[in-house]
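Inspection log for the structure reproduced underneath, given as structure tokens.
The values are calculated or read from the model by the stated rules, or taken from the named source; none is laboratory data. Every value quoted in this text rests on a predicted model; they were computed, and no experiment measured them. A quick note on method: Cβ atoms are made from the backbone with ideal geometry, for glycine too, and the neighbour counts reach across all protein chains shown.
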């Protein structure tokens with residue numbers, strides 16, 4: 001069993017590096033491939049994504065910790081909890097950002113798919129951020145369940161746990177290879193491959209995390225399941241539309 005302890009002070013550094021790495025990859029992709037929307041529209045879409053991601057991450061992150069929220073409400077410490085830096089989740093950020101972008105596109109009349117340039121940057125950014133989650137240890141709420149496997153890690157409490165953050169980093173590296181392949185894909189497919197893959201991954205890997213469950217799944221898993229279902233329906237709708245156009 002590998003003992004690494006808990007080092008939460010490093011988490012903000014890796015969170016900052018995650019944003020920087022993701023943006024650098026985005027700029028590289030945009031310069032190489034070009035953008036699908038004009039300059040003013042691009043920043044409008046990115047602002048909608050940022051606001052949606054912030055709200056989605058916070059709302060789902062707090063909802064997923066509902067026992068802590070209830071305890072804080074009963075003890076009249078709810079404001080301190082809401083203002084604390086914790087209580088965020090990547091899955092909520094992705095879903096919130098996606099909803100924000102789609103809503104803004106409806107309002108501004110943007111018809112084209114705008115997410116492909118973000119698929120690879122998100123893989124890189126999340127992977128870098130997960131390094132910080134791993135080093136933060138027990139102080140971070142992303143640690144795994146206890147296990148006796150040879151690669152278990154001790155995060156400072158003397159218990160061997162699944163290194164779920166390392167699992168996710170490895171998954172994201174494979175996903176980055178998949179979405180970065182140059183292939184003849186319809187516009188928007190690259191981002192949908194990323195989103196469907198990541199939501200499916202979170203639906204699976206969260207079984208290895210000690211989280212409160214509702215009917216066998218935690219709230220993040222239920223949200224991922226809803227996102228996967230919507231993506232499947234959107235794919236079927238797009239396929240039906242293409243068949244009608246071809247016919």
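Just one of (1) surrounded by fewer than 17 Cβ atoms within 10 Å (Cβ to Cβ); (2) in contact (Cβ under 8 Å) with a residue 60 or more places away in the chain fails for residue 215. It is (2). Among the residues of the stretch 29-50, those that are surrounded by fewer than 16 Cβ atoms within 10 Å (Cβ to Cβ) and at pLDDT 85 or above comprise 47, 50. Screening residue 131 on (1) part of a loop (DSSP other than H, G, I, E, B); (2) farther than 23 Å from residue 219 by Cα; (3) at pLDDT 90 or above shows it passes everything except condition (1).
The single condition from (1) closer than 26 Å to residue 111 by Cβ; (2) out of contact with any helix residue (DSSP H, G or I) (no Cβ under 6 Å at 6 or more places or on another chain) that residue 56 fails is (2).
Answer yes or no: is there a residue in the stretch 162-169 that is surrounded by fewer than 20 Cβ atoms within 10 Å (Cβ to Cβ) and in contact (Cβ under 8 Å) with a residue 60 or more places away in the chain. No, because not a single residue in the stretch 162-169 is surrounded by fewer than 20 Cβ atoms within 10 Å (Cβ to Cβ) and in contact (Cβ under 8 Å) with a residue 60 or more places away in the chain.
For the stretch 181-206, name all the residues that are surrounded by 15 or more Cβ atoms within 10 Å (Cβ to Cβ) and touching a residue at least 40 places away in the same chain (Cβ under 8 Å). Please lay out each step first, then the result.
Residues of the stretch 181-206 surrounded by 15 or more Cβ atoms within 10 Å (Cβ to Cβ): 188-203, 205-206.
Passing the criteria: 188, 189, 190, 191, 192, 193, 194, 195, 198, 199, 202, 205.
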